[in-house]
Structures are given as structure tokens and as C-alpha cells.
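**Student:** Got a structure here, written out as C-alpha cells. Questions coming.
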Amino acid sequence: MTLHAILFLHLLPFVGSGDPPTTFDREVQVSRNQTLEVDIQTGGALTITGWNKDVVKVHVNLRGRDVAACKIDVSQQSGGVRLT
């Protein structure tokens, strides 16, 4: 499988009033036959859309009262991209 993706992630940690929405954007270059590993500890929606570029684009919308405590990490690994 060739890894060409746009990843949209909407994390809703303890949804409710509180901190205003926060966004996170990152692009990572990839090569053919690499993988995407996603390991998220909070609830939320995940949308993966294929496209014809050698890039994984991550767009995250955070909202809820514990936004400040959320940490997003997108890292390039030897076999692909890891999102935690």
C-alpha cells in the first residue's frame, strides 16, 4: 500500500465549555510502501483521505476543557509516519 493521505483528526477531550478550540497542522514527506500508525489516547473522529502527493498532511482540531493538557506528536519513522 502506498502512503498518500490527508489525515483530519478531531479530538474532543472531555467536551464541554472551557478552553477555546485549538488547531494543529503538520506535513511529513513519505515514500512508497510506508505506513501510517495512529495511537490516540482520547476520543474523537478520524478521517483519512487519499491523494496523489508523497506527503501526509495532519490537521487536528482540539476542543474541550482540557485542550491545554493534550499533546500531539507527528513523527517520521523508518517505516512511515506515527501520530500520537
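The values are calculated or read from the model by the stated rules, or taken from the named source; none is laboratory data. Keep in mind the model is a prediction, meaning the values are calculated, not measured. Neighbour counts are summed over all protein chains in view; Cβ atoms, including those assigned to glycine, are modelled from backbone coordinates with ideal geometry.
**Student:** Among the residues of segment 41-53, are any of a type outside the set (Phe, Trp, Tyr), over 11 Å from the mean Cα position of the chain (by Cα), modelled with pLDDT of 90 or more and part of a strand (DSSP E or B)?
**Tutor:** no
**Student:** Give segment 12-38 a look and list any residue that's surrounded by 12 or more Cβ atoms within 10 Å (Cβ to Cβ), at pLDDT 85 or above and of a type in the set (Ser, Thr, Tyr), or say none.
**Tutor:** 35
**Student:** Next up: Give the number of residues within segment 58-83 that are assigned to a strand (DSSP E or B) and either among the hydrophobic types (A, V, I, L, M, F, W, C) or within 17 Å of residue 22 (Cα to Cα) (or both).
**Tutor:** Filtering segment 58-83 down to residues assigned to a strand (DSSP E or B) leaves 58-62, 74-77, 80-83.
Filter once more, so that each one left must be either among the hydrophobic types (A, V, I, L, M, F, W, C) or within 17 Å of residue 22 (Cα to Cα) (or both): 58-62, 74, 81, 83.
Going through segment 58-83 one residue at a time, the tally reaches 8.
**Student:** Related question: Kindly list, by first and then second residue, each pair from a residue in segment 48-62 that is surrounded by 15 or more Cβ atoms within 10 Å (Cβ to Cβ) to a residue that is modelled with pLDDT of 90 or more and among the basic types (Lys, Arg), limited to pairs with Cβ atoms under 9 Å and residues at least 6 apart or on different chains.
**Tutor:** 56/26; 57/26; 58/26; 59/26; 60/26
**Student:** Of the residues 46, 36, 62, which single one is on the phi < 0 side of the Ramachandran plot and in contact with a Cys (Cβ under 7 Å, 6 or more places away or on another chain)?
**Tutor:** Values: 46 fails: in contact with a Cys (Cβ under 7 Å, 6 or more places away or on another chain); 36 fails: in contact with a Cys (Cβ under 7 Å, 6 or more places away or on another chain).
Matching residue, one of 46, 36, 62: 62.
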